[in-house]
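Take a look at the structure set out below.
The values are calculated or read from the model by the stated rules, or taken from the named source; none is laboratory data. Since the structure is predicted, the reported quantities are computational estimates derived from the model, not experimental observations. Glycine gets a Cβ as well: all are built from the backbone with ideal geometry, and neighbour counts include every protein chain shown.
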Amino acid sequence: MGDLTIRPSRGLRGELTPPGDKSLSHRAVMLSGIAEGTTAISGFLTGEDTMHTARAMRALGVAIEDSGGGNLTVRGRGLRGLTEPADVLDMGNSGTGMRLLAGLLAGQDFFSVLTGDQYLRKRPMARIAEPLRSMGAGINGRAGGKLAPLAINGAGAGCRAIAYASPVASAQIKSAILLCGLFADGVTTVTEPHKSRDHTERMLRFFGVEVKEQGNRISLRGGQRLSAPLSDLVIPSDISSAAFFLVAGAVVPGSDVVVRNVGVNPTRTGILDVLQRMGADIELLNAREQAGEPVADIRVRHRKLKATRIGGEDIPRLIDEIPVLAVAAAVAEGTTVISDAAELRVKESDRIATVAGELAKLGAVIRERPDGMEIAGKDRLSGSVCESHGDHRIAMSLAVAGLVAEGMTTVRDTAWIDTSFPGFERTFVQAAYGIS
Ligand code: S3P
């Protein structure tokens, strides 16, 4: 359990480096496990979600040495080298872990079962199970095969390539199909309504796989082998974790903060565009590239924000940042409208309901819409007691809201933060109050 109590801040100061990117960490340990050769990963996120994925890869026969501080050495088993796990694979709270691994397992010639915690077992799995079945895998689960636990009979030698038009822009769906496609005979293609994060495509290329891209259509030929990269696979900090400090720096008067080593892949930087549209003072410094991903330091200084509209192709580029952007909107001038974001309802919590309900407790003027929300900004919020709903990003967003709320704010049940941001409290307290 555990609670976090927050008082107003007089400005965020100094520099901080958030932990490694969650999306990249899942992919790094999966791809290095099926590569030929040994991969040295640094900057791996040691949060609960990605540690579940590392444990699952171990259970599939991959030797992974963890030397601490996010440094892993992974001895790849080659494309067809994974082995049947002796037990159920527990993915904890992680939708990405479960969906991507389901794709990988759907291509194997063995049986496996994926499960997760009470929240993950409620999240929709038909979106990956259906296309993976059409590739030849047998997938059963609760609710007629729509919910975890998922029992997977891998397609093995009968794995078929498909051309799939995804109804939602989801990197998890795209990646599950592409990972299964590695084991298929022929070319697998996924088309999306908008471009979702392209980490899988970039990392596959980093491992020497040819991946073709034509607009929102991605394809790869099955049977290509992955080779461990010659240089280390260096994972930058997660922009989704940086987001809490970017918004805090933008909204707390007196702030001037630098968030270091942040992944700024253009499929993830919607938060920067929207904050800039709202008038935020944001500067990218020291732009560079690491392991096929763009990286920069980001400086943010306080400036009064104004409302904006967020929708359409913005959404996949900032889907995980909407809870904290709602906090920015709650103290901006004017009414912000967020639409086309119904996907938020099937994240770690129903984030439309949880954001609206919890920010309202802090005095925000916020109205739910089926596919988003409307937020009328005001000068300050007011401290209260609010709940995480078992959702790490709701907990951290509420902590940021507490910095601009009068009096004390308590966020209850914050242990969930460890799924993506171990050490959050320390970094937060240091940046917001200068206390270490
Ligand atoms: C992720 C994709 C997104 C995102 C999630 C991580 C990924 O989900 O919300 O936190 O690493 O592929 P969807 O692809 O389902 O939108």
From (1) modelled with pLDDT under 95; (2) surrounded by 21 or more Cβ atoms within 10 Å (Cβ to Cβ); (3) not hydroxyl-bearing (Ser, Thr, Tyr), pick out the condition that doesn't hold for residue 230. (2)
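Evaluate the following for residue 105: is it more than 16 Å from the ligand (Cβ to nearest atom), crowded, with 21+ Cβ neighbours inside 10 Å, under 22 Å from the mean Cα position of the chain (by Cα) and part of a helix (DSSP H, G or I)?
Values: more than 16 Å from the ligand (Cβ to nearest atom): yes; crowded, with 21+ Cβ neighbours inside 10 Å: yes; under 22 Å from the mean Cα position of the chain (by Cα): yes; part of a helix (DSSP H, G or I): yes.
In short, yes.
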Looking only at residues in segment 151-176 that are within 12 Å of the ligand (Cβ to nearest atom) and of a type in the set (A, V, I, L, M, F, W, C), which one is nearest to residue 105 (Cα to Cα)? 176
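Need a quick list: strands (runs of 3 or more DSSP E) entirely within segment 1-69 having at least 2 residues that are surrounded by fewer than 17 Cβ atoms within 10 Å (Cβ to Cβ). Spell out the reasoning first.
Details: elements: 3-6, 13-16, 38-42, 63-66.
Where strands (runs of 3 or more DSSP E) fall fully within segment 1-69 and carry at least 2 residues being surrounded by fewer than 17 Cβ atoms within 10 Å (Cβ to Cβ), they are 3-6, 13-16, 63-66.
Strands (runs of 3 or more DSSP E) wholly in segment 343-436 with at least 2 residues that are among the aromatic types (Phe, Trp, Tyr) and either assigned by TED's automatic domain parsing to the domain that holds residue 249 or under 21 Å from the mean Cα position of the chain (by Cα) (or both) - which ones? Reasoning before the result, please.
Details: elements: 365-369, 372-376, 385-387, 409-412.
So the answer is none; nothing clears 2.
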Condition test on residue 182, is it crowded, with 22+ Cβ neighbours inside 10 Å, within 19 Å of the chain's Cα centre (by Cα) and either farther than 16 Å from residue 125 by Cβ or more than 16 Å from the ligand (Cβ to nearest atom) (or both)? no
For segment 183-240, enumerate the residues that are touching a residue at least 40 places away in the same chain (Cβ under 8 Å) and of a type in the set (A, V, I, L, M). 184, 203, 204, 218, 220, 226, 228, 233, 234, 235, 239
From (1) touching a residue at least 60 places away in the same chain (Cβ under 8 Å); (2) under 20 Å from residue 351 (Cα atoms); (3) touching a helix residue (DSSP H, G or I) at 6+ places or on another chain (Cβ under 6 Å), pick out the condition that doesn't hold for residue 318. (1)
Does segment 263-301 hold any residues that are part of a strand (DSSP E or B) and not aliphatic (A, V, I, L, M), and which are they? 263, 281, 283, 286, 288, 289, 290, 293, 294, 297, 299, 301
